[in-house]
Amino acid sequence: MKYTYRPWRFFLTVFVLTWLFWIAAAVVSRTPTGAGASMALMLLGLFVPSATAIVTVLKSKSAALKLDFRQKLFGAFRVRPLVVLRAIAVFAGVIAASILLSTLVGESLNQFAFVEDFSFSIGGVSTLLTLVLTALLEELGWRGYAKDAIASYCSWWKASIIFGAVWAMWHLPLFGIAGTYQNIIMSQNPLYAASFIVGIIPMSFLFTWVYVKNNRSIFACMIFHFFVNLLQEQIAMTQITKCVETVVLYAVAVVVVACNKELFFDTKHVGNLLQETEQQGGRHYV
């Protein structure tokens, strides 16, 4: 039987469970001894997308969906290293352009440096470990099921817009958890928080580009996600520059879409994602 993706059920499950954990974490984080419990609750929320994707796939009774999931995660033939490196280079270019443009509003070129420490710490857990877990767990859920569930009904362009908006909203409770990056920037200036949320939408297009260019590889997106987070943390950008970066991201997303029109606007994949896997990896975009 042909499998039917159910995006509404998936996202409803993810939002309800994640937000329950994160709202509880926000409450606990305000108590004198709640740092450890807050971190545990936050991690449980972070596990929700991947756990929901895995359970959805395993309970689907669809051999095609299970095969597709395995190949997306473990199929090394899907990963195109040069494409991943190109995407990382593009994001590094976004950061460089943002720093240069920020000098027009009084920011310093000293931002072209690595910071000595990370900008946040939660419950004593290594920030680097947090960045690794974020990349692994989010991508296992988002690319493991969510993105395909949307794209099975529309073009990758529309899927990128829809997923970007949903992904942005998913982060909202983090602004209330003491010690998170989102909470810190919210306390500094609400504009910084707004820039973070708005900037997620163009990032959705970049992730779509990496995902489809690598024949829908989860692992390729994990690598890209980690380096995006790492560069954001290790380059000494000010929050003003990160607001500039949001504008640059939109410009780069437009260029990426313009240079990959077939990828983003083609609809031949609609309703055929699993059939493409069964036909040995589907179409390859150059």
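Every read-out reported here was derived from the displayed coordinates using simple, explicitly stated rules and does not represent laboratory data. On a predicted model such as this, the values are computed, not experimentally measured, just so you know. Using ideal geometry, Cβ is built from the backbone for each residue, glycine included, and neighbour counts are taken over all protein chains shown.
Observations
- Ranking of SER60, SER217 by count of other Cβ atoms within 10 Å, fewest first: SER60, SER217
- Semi-axis lengths, Å, the chain, gyration tensor of Cα atoms, sqrt of 5 times eigenvalues: 31, 25, 15
- Dipole magnitude of the chain about its Cα centre (Cβ charges: Lys, Arg +1; Asp, Glu -1), debye to nearest 20: 1100 debye
- Over region 123-199: Kirkwood hydrodynamic radius from C-alpha pairwise inverse distances, Å: 14.0 Å
- Restraint check, LYS158/LYS261; LYS66/LYS147; LYS72/LYS147; LYS2/LYS66; LYS2/LYS61; LYS61/LYS268, Cα-Cα greater than 19 Å: LYS61/LYS268
- In a DSSP loop and with at most 10 other Cβ atoms within 10 Å, the trypsin sites (Lys or Arg not before Pro) in region 1-62 are LYS2, LYS59, LYS61.
- Loop-located trypsin sites (Lys or Arg not before Pro) in region 134-196 (DSSP state other than H, G, I, E, B) with a sparse environment of at most 15 neighbouring Cβ atoms within 10 Å are absent.
- Sequence of ILE54, ILE201 once ranked by neighbouring C-beta atoms within 10 Å, starting from the fewest: ILE54, ILE201
- The spacing between region 28-99 and region 207-242, judged by their C-alpha centroids, is 11 Å.
- Relative contact order for the chain: 28 percent, from Cα pairs under 8 Å spaced at least 6 residues apart, divided by residue count.
- Net charge of neighbours whose Cβ lies under 13 Å from the Cβ of TRP157, counting Lys and Arg as +1 and Asp and Glu as -1: +1
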